[in-house]
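Participant: Starting off with a structure, shown below.
The values are calculated or read from the model by the stated rules, or taken from the named source; none is laboratory data. Predicted model only: the values in this text are computed from it and were never measured. Don't worry about glycine lacking a Cβ; one is built from the backbone with ideal geometry, like all the others, and counts go over all protein chains shown.
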Amino acid sequence: MDELLWAALWIYKATENVEYLKYVVEKGTSFGGTTWAMTEFSWDVKYVGVQIIASMLLLEEKHKEHKQVLEQYRSKAEHYICACLNKNNSTNLRRTPGGLLYTRQWNNMQYVSASTFLLTVYSDHLKTSNQTLECHGGTLGPDDILSFAKSQVDYILGSNPMATSYLVGYGPTYPKRVHHRGASMESYRESKGFIGCTQGYDNWYGKRDPNPHTLVGALVGGPDSEDGFEDDRGNYVQTEACTYNSAPLIGVFARLHELEGGEKSSTISLLSSS
């Protein structure tokens, strides 16, 4: 159901065909968009993304006729933002002792990067609309939200109890044994012999040596709930690299680059023009 709402909302943004917006409005309750208060955003659970984009539509006069339903979407979006910053009465996202958002053991960084992107987008949304967010635990301004998003990026890049970057190729210390077949086997330039699945597993998977290739820009699964991390190729729960881990960080990096005096590239404008 979340995929249908997600698809309809993006098609509406691309085409401005109001039939797709009506679909999101009319199906909000039956499909869970206005009723599910979530604490996860991922490739498999997209409700929060729908809720945040729907809430941003409230800024435009042409959407006033759907204000009541869009406000319901916004309520659920704000529940998620408050949960990330530990400002709900009960339902909040877990954190490791070192401060990293923690959803589950296997490849937790996918949830961290996705959350960080949404926090960055919503921070810009609040700043653009000159609003604050009222949570049960207090008021959050756009700078509060962006500051927390930055803390997650800092953790990813090395400000953590393990003093390691989880973005491969960044910093003096980062995972050297990424669970990635292409990176963990020697180049064709070095060995032109055929390597089948069995040979790859027998000859390379179990090696303790660092990968012969650095998978620059890959974001691995990351630490456990106590900030522990083992750089082992067989430890796929922590060392597997996925495109949906690193993809959400691009917009976050662009926003933080702007804050450091780089070329203006607001994430909310990127999202609005997508």
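Participant: Please pick out the residue among 107, 92 that is part of a loop (DSSP other than H, G, I, E, B), closer than 17 Å to residue 238 by Cβ and at pLDDT 95 or above.
Facilitator: Within the list 107, 92, the selection yields 107.
Participant: Collect the residues in region 19-50 that are in a helix (DSSP H, G or I), buried (at least 19 other Cβ atoms within 10 Å of the Cβ) and not hydroxyl-bearing (Ser, Thr, Tyr), keeping them in residue-number order.
Facilitator: Matches in region 19-50: 21, 24, 25, 48, 49, 50.
Participant: Still on this structure, I have one more. Mind listing whichever residues of region 1-18 are farther than 30 Å from residue 95 by Cα and surrounded by fewer than 19 Cβ atoms within 10 Å (Cβ to Cβ)?
Facilitator: Answer for region 1-18, where residues must be farther than 30 Å from residue 95 by Cα and surrounded by fewer than 19 Cβ atoms within 10 Å (Cβ to Cβ): 4, 7, 10, 11, 13, 14, 15, 16, 17, 18.
Participant: Looking only at region 22-36, decide whether some residue is of a type in the set (Gly, Ala, Ser) and closer than 27 Å to residue 147 by Cβ.
Facilitator: No, because not a single residue in region 22-36 is of a type in the set (Gly, Ala, Ser) and closer than 27 Å to residue 147 by Cβ.
Participant: If you don't mind, another one. Looking only at region 58-70, how many residues end up being among the aliphatic types (A, V, I, L, M), surrounded by fewer than 21 Cβ atoms within 10 Å (Cβ to Cβ) and either touching a Pro at 6+ places or on another chain (Cβ under 7 Å) or within 17 Å of residue 29 (Cβ to Cβ) (or both)?
Facilitator: Summing the residues that are among the aliphatic types (A, V, I, L, M), surrounded by fewer than 21 Cβ atoms within 10 Å (Cβ to Cβ) and either touching a Pro at 6+ places or on another chain (Cβ under 7 Å) or within 17 Å of residue 29 (Cβ to Cβ) (or both) in region 58-70 gives 1.
Participant: Go through region 182-213 and count every residue that is assigned to a helix (DSSP H, G or I), of a type outside the set (A, V, I, L, M) and surrounded by 13 or more Cβ atoms within 10 Å (Cβ to Cβ).
Facilitator: Total meeting the criteria: 5.
Participant: Do we have residue 214 as touching a Gly at 6+ places or on another chain (Cβ under 7 Å), more than 30 Å from residue 46 (Cβ to Cβ) and either at pLDDT 95 or above or not aliphatic (A, V, I, L, M) (or both) here?
Facilitator: yes
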